[in-house]
Amino acid sequence: MAERPEDLNLPNAVITRIIKEALPEGVNVSKEARRAISQAASVFVLYATSCANNFAMKAKRKTLNAADVMAAMEEMEFERFLQPLKEALEGFKKSQKGKKVASEQKQREKEKKADAENGKGKEEDNEDEEERMDEEQEEEDEEEVEN
(Lines give C-alpha, C1' and ligand atoms only; values in the text may rest on other atoms or scores of the structure.)
Protein backbone atom coordinates (compact mmCIF):
# COMPACT_ATOMS: atom_id res chain seq x y z
CA MET A 1 0.00 0.00 0.00
CA ALA A 2 1.06 3.59 -0.46
CA GLU A 3 2.90 5.35 2.31
CA ARG A 4 1.57 8.82 1.48
CA PRO A 5 -1.81 9.91 0.09
CA GLU A 6 -0.04 11.60 -2.85
CA ASP A 7 1.30 8.19 -3.92
CA LEU A 8 -2.25 7.13 -4.72
CA ASN A 9 -2.79 9.87 -7.32
CA LEU A 10 -2.56 9.19 -11.01
CA PRO A 11 0.28 10.91 -12.87
CA ASN A 12 -0.48 14.53 -13.72
CA ALA A 13 0.54 14.07 -17.37
CA VAL A 14 -2.05 11.31 -17.76
CA ILE A 15 -4.78 13.39 -16.12
CA THR A 16 -3.92 16.43 -18.26
CA ARG A 17 -4.05 14.35 -21.46
CA ILE A 18 -7.42 12.84 -20.51
CA ILE A 19 -8.85 16.26 -19.68
CA LYS A 20 -7.61 17.74 -22.99
CA GLU A 21 -9.13 14.84 -24.94
CA ALA A 22 -12.47 15.18 -23.11
CA LEU A 23 -12.92 18.93 -23.47
CA PRO A 24 -13.40 21.07 -26.57
CA GLU A 25 -10.35 22.94 -27.83
CA GLY A 26 -9.78 26.30 -26.22
CA VAL A 27 -11.16 25.35 -22.81
CA ASN A 28 -8.66 25.99 -20.04
CA VAL A 29 -8.53 24.06 -16.78
CA SER A 30 -6.92 25.56 -13.72
CA LYS A 31 -4.19 23.78 -11.82
CA GLU A 32 -6.55 23.44 -8.86
CA ALA A 33 -9.25 21.85 -11.04
CA ARG A 34 -6.72 19.38 -12.53
CA ARG A 35 -5.64 18.46 -9.01
CA ALA A 36 -9.27 17.90 -7.93
CA ILE A 37 -9.97 15.77 -11.02
CA SER A 38 -6.81 13.78 -10.35
CA GLN A 39 -7.84 13.09 -6.77
CA ALA A 40 -11.39 12.19 -7.84
CA ALA A 41 -10.03 9.80 -10.48
CA SER A 42 -7.77 8.16 -7.91
CA VAL A 43 -10.66 7.73 -5.47
CA PHE A 44 -12.77 6.22 -8.26
CA VAL A 45 -10.01 3.76 -9.22
CA LEU A 46 -9.53 2.73 -5.58
CA TYR A 47 -13.27 2.28 -5.05
CA ALA A 48 -13.72 0.31 -8.27
CA THR A 49 -10.74 -1.88 -7.37
CA SER A 50 -12.11 -2.52 -3.90
CA CYS A 51 -15.53 -3.49 -5.28
CA ALA A 52 -13.97 -5.73 -7.94
CA ASN A 53 -11.80 -7.33 -5.27
CA ASN A 54 -14.94 -8.18 -3.28
CA PHE A 55 -16.29 -10.11 -6.27
CA ALA A 56 -12.98 -11.95 -6.68
CA MET A 57 -12.92 -12.83 -2.97
CA LYS A 58 -16.49 -14.16 -3.16
CA ALA A 59 -15.31 -16.42 -5.98
CA LYS A 60 -12.32 -17.43 -3.80
CA ARG A 61 -9.81 -15.93 -6.23
CA LYS A 62 -6.88 -13.62 -5.60
CA THR A 63 -6.77 -12.28 -9.15
CA LEU A 64 -9.22 -9.64 -10.36
CA ASN A 65 -10.53 -10.16 -13.87
CA ALA A 66 -12.62 -8.15 -16.30
CA ALA A 67 -15.85 -9.77 -15.12
CA ASP A 68 -15.11 -8.58 -11.57
CA VAL A 69 -14.62 -5.02 -12.83
CA MET A 70 -17.87 -5.19 -14.84
CA ALA A 71 -19.75 -6.46 -11.79
CA ALA A 72 -18.20 -3.71 -9.68
CA MET A 73 -19.32 -1.08 -12.20
CA GLU A 74 -22.89 -2.39 -11.91
CA GLU A 75 -22.71 -2.44 -8.12
CA MET A 76 -21.44 1.15 -8.12
CA GLU A 77 -24.40 2.05 -10.36
CA PHE A 78 -22.28 2.92 -13.40
CA GLU A 79 -24.29 0.70 -15.77
CA ARG A 80 -24.18 3.31 -18.51
CA PHE A 81 -20.42 2.83 -18.76
CA LEU A 82 -20.60 -0.96 -19.12
CA GLN A 83 -21.11 -0.99 -22.89
CA PRO A 84 -18.25 1.45 -23.64
CA LEU A 85 -16.08 -0.50 -21.20
CA LYS A 86 -16.92 -3.81 -22.93
CA GLU A 87 -16.12 -2.27 -26.31
CA ALA A 88 -12.81 -0.91 -25.04
CA LEU A 89 -11.97 -4.30 -23.56
CA GLU A 90 -12.75 -6.04 -26.87
CA GLY A 91 -10.57 -3.53 -28.70
CA PHE A 92 -7.77 -4.17 -26.22
CA LYS A 93 -8.09 -7.94 -26.64
CA LYS A 94 -7.97 -7.60 -30.44
CA SER A 95 -4.91 -5.39 -30.30
CA GLN A 96 -3.19 -7.82 -27.93
CA LYS A 97 -4.08 -10.73 -30.21
CA GLY A 98 -2.73 -8.77 -33.18
CA LYS A 99 0.50 -8.08 -31.30
CA LYS A 100 0.79 -11.75 -30.36
CA VAL A 101 0.26 -12.88 -33.96
CA ALA A 102 2.78 -10.32 -35.21
CA SER A 103 5.29 -11.40 -32.57
CA GLU A 104 4.85 -15.08 -33.46
CA GLN A 105 5.22 -14.29 -37.16
CA LYS A 106 8.37 -12.28 -36.50
CA GLN A 107 9.78 -15.16 -34.43
CA ARG A 108 9.06 -17.64 -37.26
CA GLU A 109 10.79 -15.33 -39.74
CA LYS A 110 13.83 -15.12 -37.45
CA GLU A 111 13.90 -18.91 -37.17
CA LYS A 112 13.61 -19.31 -40.95
CA LYS A 113 16.44 -16.85 -41.46
CA ALA A 114 18.59 -18.62 -38.88
CA ASP A 115 17.80 -22.00 -40.46
CA ALA A 116 18.66 -20.62 -43.89
CA GLU A 117 21.94 -19.21 -42.59
CA ASN A 118 22.73 -22.46 -40.79
CA GLY A 119 21.79 -24.40 -43.90
CA LYS A 120 24.17 -22.29 -46.01
CA GLY A 121 26.85 -22.74 -43.42
CA LYS A 122 26.32 -26.49 -43.46
CA GLU A 123 26.45 -26.57 -47.25
CA GLU A 124 29.69 -24.60 -47.20
CA ASP A 125 31.08 -26.94 -44.53
CA ASN A 126 30.05 -29.94 -46.60
CA GLU A 127 31.74 -28.46 -49.68
CA ASP A 128 34.91 -27.81 -47.68
CA GLU A 129 34.83 -31.35 -46.34
CA GLU A 130 34.34 -32.76 -49.84
CA GLU A 131 37.26 -30.68 -51.15
CA ARG A 132 39.46 -31.86 -48.28
CA MET A 133 38.51 -35.47 -48.92
CA ASP A 134 39.15 -35.07 -52.67
CA GLU A 135 42.57 -33.61 -51.93
CA GLU A 136 43.38 -36.48 -49.55
CA GLN A 137 42.24 -38.99 -52.16
CA GLU A 138 44.40 -37.31 -54.80
CA GLU A 139 47.40 -37.44 -52.46
CA GLU A 140 46.78 -41.12 -51.77
CA ASP A 141 46.43 -41.78 -55.48
CA GLU A 142 49.70 -39.94 -56.15
CA GLU A 143 51.44 -41.95 -53.43
CA GLU A 144 50.16 -45.19 -54.95
CA VAL A 145 51.39 -44.14 -58.38
CA GLU A 146 54.80 -43.30 -56.93
CA ASN A 147 55.06 -46.71 -55.23
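In a DSSP loop and with at most 14 other Cβ atoms within 10 Å, the GluC sites (Glu not before Pro) in the stretch 1-104 are Glu3, Glu25, Glu77. Cross-link partners of Lys97 among lysines, defined as those whose alpha carbon lies under 16 angstrom from its own and excluding same-chain residues fewer than eight positions apart: Lys106.
Charge dipole of the stretch 44-109 (Cα centre as origin; +1 on each Lys and Arg Cβ, -1 on each Asp and Glu Cβ, all else neutral): 480 debye, rounded to the nearest 20. Each of Gln107 and Arg34 was given a label point 7 Å from its Cα along the Cα-to-Cβ line. The distance between the two points is 4.2 nm.
Would you please name the chymotrypsin sites (Phe, Trp or Tyr not before Pro) within the stretch 1-102 that are DSSP coil residues with at most 16 other C-beta atoms within 10 Å of their C-beta? Before the final figure, lay out each step's value.
Details: sites: Phe44, Tyr47, Phe55, Phe78, Phe81, Phe92; in loops: Phe78.
Those satisfying the criteria are Phe78.
Ligands, DNA and RNA aside, Asp134 has an accessible area near 90 Å² when probed at 1.4 Å. Spin-label pair Asn12-Glu87: with each label point 7 Å from Cα along the Cα-Cβ axis, the two points sit 3.3 nm from one another.
The values are calculated or read from the model by the stated rules, or taken from the named source; none is laboratory data. Just so you know, these numbers come straight off a predicted model, no measurement behind them. Note: ideal-geometry Cβ built from the backbone for every residue, glycine included; neighbour counts use all protein chains shown. We work out accessible area using only protein heavy atoms, side chains counted, and drop any ligands, DNA or RNA first. Shrake-Rupley method; radii C 1.70, N 1.55, O 1.52, S 1.80 Å.
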